[in-house]
Structure formats: structure tokens, C-alpha cells
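J.: So that we are looking at the same thing, I have put the structure below in C-alpha cells.
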Ligand code: TRP
């Protein structure tokens with residue numbers, strides 16, 4: 001692998017991602033300052049994930065806003081492949097979706113693809129992915145969504161509603177399209193080959209345009225959906241993409257629910273969080289304190305700093321101080337890690353409480369086929 005090489009697909013992310021290159025590769029649009037300002041103006045508020053370009057790319061976001069300004073609402077959709085417990089990287093698009101929902105007052109659908117993860121993971125049984133679907137739903141609900149305007153779809157539970165839409169989509173995608181987009185081969189199981197049509201289905205649940213906040217690795221599915229949409233008489237889904245949460249061992253790769261040591265789960269205890277950060281979080285610091293004081297650290301490659309920037313420190317002033325202090329050598333790696341550990345554990349303490357409460361609320365959120 002050449003040094004600037006990287007892979008981003010829905011099932012595999014590897015290497016150090018160059019997001020500008022990825023925009024070109026995928027054919028998406030960069031979120032310009034102008035678009036960012038426009039979102040801010042219409043929303044009447046700003047979000048640090050926009051400001052910091054955690055959401056960096058889009059498809060047709062301007063169209064969604066044009067229509068919204070004319071009084072035509074959109075709806076929101078995102079999802080999760082339940083291959084394990086939720087990790088903090090998954091929360092990025094969900095938190096942002098909640099913000100969009102509040103600002104634009106729109107409906108939201110959340111798809112849990114227990115079938116997909118059963119198809120794509122050799123070692124997982126369908127009962128297991130389904131169990132994780134319910135566990136992951138708790139994390140989603142814990143972020144504050146309301147059942148009156150938010151519904152959770154579980155593929156194997158809601159197939160009756162999904163299937164007629166998936167069938168419309170499936171008829172317009174042929175094997176060579178899928179092979180070209182995902183690199184599938186003759187030994188790929190046919191569940192995977194059909195799967196994009198199921199992930200497309202929620203795009204067409206309402207007679208309105210959809211906006212999908214999502215990790216950029218999921219874009220290839222919706223590139224196909226967007227090609228199909230006009231051919232089945234539907235609006236193309238609009239997308240707003242976030243960067244991937246780096247693995248603790250970064251740089252390069254994304255946090256993966258199946259790599260336990262390099263991933264922070266929402267179910268981790270404070271001790272586990274502390275241990276993982278101290279032991280595994282890639283440091284931009286110097287080999288020893290004396291050198292660090294003299295030369296300073298590199299926050300741009302430091303994973304603890306990245307986590308603060310991407311998720312755990314929304315306050316720009318506080319973040320900048322950490323950046324400057326670490327760069328100048330005033331702050332050492334141990335101190336930076338201690339800040340992150342505290343932030344994560346504060347967040348998780350509250351989140352885990354809400355997550356338990358969600359067990360009683362989940363039924364109200366589940367989409368009921370009828
Ligand atoms: N395939 C996604 C995953 O593996 C799950 C998913 C389903 C999704 N529908 C989506 C993600 C819509 C983003 C947007 O996590």
C-alpha cells in the first residue's frame with residue numbers, strides 16, 4: 001500500500017483517509033463556508049460539528065434548503081448495522097441528526113440492519129445481530145429523540161413495510177452496478193447483493209425528500225439509490241457526510257465495533273475507558289517529558305485531541321487552549337489523556353442512565369407494520 005492510499009467502503013475502512021481525495025473519488029461536494037453559513041442561518045443556530053468540518057461533504061444539501069425555504073419539509077433518515085455494541089463514533093451522525101430534527105422540526109427514521117450484519121459477518125448469528133439491534137436502539141433513544149416524530153425500523157421486524165419499496169429499487173439495480181460499486185465477486189452471498197435495496201427503502205417512506213446524515217463510508221449505497229430514485233418516480237436522497245472517528249490506535253482506519261481494544265463503547269465502565277485511553281490512544285507527544293516540553297506535541301495526529309475535537313469538547317475556546325498548550329509543550333500527553341478520560345466518563349455516566357431508561361420507552365419508538 002502506498003502511503004497516500006486508503007480504502008473506504010461500507011464494510012471496510014483502512015489507511016489514513018484524505019477527505020479531499022475522498023470527495024473526488026466519491027463525487028460528492030465539499031461543504032463550503034457559504035453552505036455552512038446557509039445551514040446556520042436557516043437553522044437559527046450553529047453546531048460545532050459543522051463549524052469544525054466534522055460534517056465535511058454533502059449531496060444536494062442546497063436543494064433540501066431551497067425546498068425548506070419554500071415551506072416544503074424534508075424528513076431525516078439514518079441507521080446502524082448492529083454488529084456489536086454502539087461505539088462513540090456511531091453517535092456522530094445521530095447527535096447531529098437530533099440537532100437537525102430540533103432545528104427543522106421534521107420526522108426521523110432510524111434503520112437497524114440486523115440482516116446486513118448477519119450477511120456480512122461470518123461469525124454472527126441472526127439472533128445476535130437482532131439482539132444488538134435492540135441494544136443499539138437504546139443508545140439512539142438515549143440521545144433525546146421523541147417517539148412522536150421518530151421511528152425505529154428493524155429490518156427483520158419491519159420487512160413487510162420495507163419489502164415493496166425494496167422490490168422497486170432492486171429491479172433497477174443490476175449485478176454489474178453492485179459489483180462496480182462494492183467490488184463483489186462470485187462468492188459474495190446473495191443477501192449482500194440484494195442488501196442495498198433494503199438500505200434504500202427508508203428513503204422513500206414518506207412522500208417528501210429525505211436528508212441522510214451519515215458516516216461517509218455509507219455513501220456508496222446511496223449513490224446507487226440516487227441513480228434509481230428518478231427511475232421509480234421518487235426524489236433523490238440528499239446526504240450530509242461526517243468523517244470517521246479514528247481508531248484509538250490511529251491515525252488511519254475507523255473505530256470498529258469488532259476491535260475491542262481500540263474502540264470506546266457506550267457500555268464501557270469508567271475503569272475500562274481509562275485503561276483503553278491510557279494504554280492505546282495514539283499520542284502526538286514526544287518520547288519523554290523533557291523533549292516534549294522543549295519541542296511540544298502534535299495535536300493534529302494525537303487521537304485524544306481528535307476525540308475532543310470531533311465529539312467531547314464542543315467549546316471552541318476550551319479546545320483551542322488544549323491545542324495551544326499541547327503544541328507548545330506546556331501540556332503533556334498524560335494531562336491531555338486525563339482531560340479526555342474525564343470528558344468521556346462524564347458523558348457516559350449520563351448516557352448510560354438514559355440508555356437504561358430507554359428500555360421502557362423502546363416499544364413506542366418501534367415502527368409498527370400494518
Ligand atoms: N449500513 C449501515 C451500517 O453498517 C446501517 C445503515 C442502514 C445506515 N441505513 C442507513 C447508515 C442509513 C447510514 C444511513 O452501519
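J.: How would you rank 143-149, 192-198, highest first, on the average number of other Cβ atoms within 10 Å across their residues?
T.: 192-198, 143-149
J.: Still on this structure, I have one more. How are the C-alpha pair distances of region 7-248 spread across 5 Å bins, as whole percents from the shortest bin up?
T.: Using 5 Å bins, I get a P(r) of 1, 6, 14, 19, 21, 19, 13, 6, 2, 0, 0 for region 7-248.
J.: Quick one: helix 219-228 against the long Cα principal axis of the chain, what's the angle to the nearest 10°, folded into 0 to 90?
T.: Value to nearest ten degrees: 20.
J.: Picking from 45, 115, 139, which is most flexible by a Gaussian network model of the chain using Cα springs under 10 Å?
T.: 45
J.: Using only the Cα atoms of region 1-100, each taken as one equal point scatterer with no solvent, compute I(q) by the Debye sum, divide by I(0), and report log10 of the ratio at q = 0.14, 0.17 Å⁻¹.
T.: -0.68, -0.97
J.: Does anyone have the angle between helix 33-43 and the longest principal axis of the chain? Alpha-carbon axes, 0 to 90°, nearest 10?
T.: On a 0 to 90 degree scale, this one is about 70.
J.: Any idea what the relative contact order of region 260-356 is, in percent, if you count C-alpha pairs under 8 Å spaced at least 6 apart?
T.: Over region 260-356, the number comes to 31 percent.
J.: Pick from 111, 218, 14 the residue whose mean-square fluctuation is largest in a GNM of the chain, springs joining Cα atoms under 10 Å.
T.: 14
J.: Do the sum for the chain: with -39,500 (n - 2.57) for every DSSP H run of n ≥ 4, divided by all residues, what is the mean residue ellipticity at 222 nm, to the nearest 500 deg cm²/dmol?
T.: The helix contribution divided over the chain gives -15000 deg cm²/dmol.
J.: Now, a different point. Could you tell me what percent of the DSSP beta bridges with both partners in the chain are antiparallel, to the nearest 5?
T.: Once the DSSP bridges in the chain are tallied, antiparallel ones form about 40 percent.
J.: Multiplying the sequence separation of residue 208 and residue 156 by 0.36 nm and subtracting their Cα-Cα distance, what value in nm do you get? Please list the in-between numbers first.
T.: On the way: separation 52, 0.36 × 52 = 18.72 nm, distance 2.48 nm.
Taking 0.36 nm per residue and subtracting the Cα distance, the gain is 16.2 nm.
J.: In addition: Taking only C-alpha pairs under 8 Å that are 6+ residues apart, what is the relative contact order of region 163-292 in percent? Don't skip to the end; give the middle numbers.
T.: Details: 130 pairs, mean separation 23.5, N = 130.
Relative contact order, region 163-292: 18 percent.
J.: I've got another one for you. How tilted is helix 159-170 with respect to the longest principal axis of the chain? Cα atoms for both, answer in degrees (0 to 90, nearest 10).
T.: The answer is roughly 90 degrees.
J.: Can you tell me which of 89, 215, 296 moves the most in a GNM of the chain? Springs connect C-alpha atoms under 10 Å apart.
T.: With Cα springs under 10 Å in the chain, the top fluctuation among 89, 215, 296 is at 296.
J.: Limiting things to C-alpha atoms, what are the Rg and the maximum Cα-Cα separation (Dmax) for region 260-356, in angstroms?
T.: 13.7, 47
J.: Follow-up question, since we're still on this one. Would you work out the relative contact order for the chain, in percent, from Cα pairs under 8 angstrom that are 6 or more residues apart?
T.: Relative contact order here is 20 percent.
J.: If you average the alpha carbon positions of region 279-338 and of region 80-109, how far apart do those two centres end up, in angstrom?
T.: 28
Read-outs: derived from the displayed coordinates by stated rules, not from any lab. The structure presented is a predicted model; accordingly, all values stated were derived computationally and were not measured. No Cβ is skipped: glycine too gets one built from the backbone with ideal geometry, and neighbour counts run over all protein chains shown.
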